[in-house]
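Below: one structure, written as C-alpha cells.
The values are calculated or read from the model by the stated rules, or taken from the named source; none is laboratory data. This is a predicted model, so every value here is computed, not measured. Cβ coordinates were reconstructed from backbone atoms using ideal geometry, including for glycine residues, and neighbour counts include every protein chain displayed. For accessibility, only protein heavy atoms count, side chains too; no ligands or nucleic acids. Shrake-Rupley method; radii C 1.70, N 1.55, O 1.52, S 1.80 Å.
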Amino acid sequence: MTLTITSAGDTIHGVLEGRLDTASSQQFSIDMQPLLEGADKHIVLDCNKLEFISSSGLRLFLTLRKATIAKGGDVTITGVSPEIKQVFTITGFYSLFQFA
C-alpha cells in the first residue's frame with residue numbers, strides 16, 4: 001500500500017495504491033499524518049488504484065473524516081471501484097463521505 005500526497009492551494013490530494021488491509025493499515029496511519037495536519041483543507045483521496053479496503057482501512061478513513069469535521073475541512077473520495085463502493089455501502093460509510 002502506498003500513499004502519495006501532493007498539495008495545491010487549499011486542496012490536498014492523496015493517491016492510494018494497493019491493498020489497505022490490516023497488515024498495511026499501521027504504515028498507512030503514519031503515512032496519512034500530513035492529511036490529518038491539513039484537515040482544515042479540502043482533501044481528495046484518489047482510489048483509482050486502491051484494490052482492497054478492510055475494516056482497519058475504513059477506520060482510518062473515518063479518523064480522517066472526524067479530523068476534517070473538527071478543523072472545518074472536508075474529504076472527497078474519487079475513483080472508487082464497484083467493489084470498494086460496495087464495502088462503503090454495506091458498512092454504512094458511503095453516506096459519511098462525498099464521492100466524485
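Data table
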| item | result |
| --- | --- |
| Residues of the range 31-68 satisfying the condition of being within 16 Å of residue 11 (Cβ to Cβ) and of a type in the set (S, T, N, Q) | 68 |
| Pairs, first within 14 Å of residue 97 (Cβ to Cβ) in the range 49-74, second basic (Lys, Arg) and open to solvent by 90 Å² or more (accessible area, probe 1.4 Å), C-beta under 9 Å, six or more apart | 50/19; 53/19; 57/19 |
| Among (1) more than 16 Å from residue 99 (Cβ to Cβ); (2) within 14 Å of the chain's Cα centre (by Cα), the one test that residue 16 misses | (1) |
| Hits in the range 42-100 - residues which are closer than 21 Å to residue 7 by Cα and among the basic types (Lys, Arg) | 49, 65, 66, 71 |
| Residue list for the range 5-27, filter: farther than 17 Å from residue 73 by Cβ and open to solvent by 80 Å² or more (accessible area, probe 1.4 Å) | 17, 19, 22, 23, 26, 27 |
| Any chance residue 30 is β-branched (Val, Ile, Thr), exposed (fewer than 13 other Cβ atoms within 10 Å of the Cβ), over 17 Å from residue 5 (Cα atoms) and without any contact (Cβ under 8 Å) to a residue 60 or more places away in the chain | no |
| In the range 74-96, the residues that are open to solvent by less than 20 Å² (accessible area, probe 1.4 Å) and either at pLDDT below 95 or not hydroxyl-bearing (Ser, Thr, Tyr) (or both) | 75, 77, 84, 88 |
| Unmet requirement for residue 79, which otherwise passes all of (1) under 12 Å from the mean Cα position of the chain (by Cα); (2) on the phi < 0 side of the Ramachandran plot | (2) |
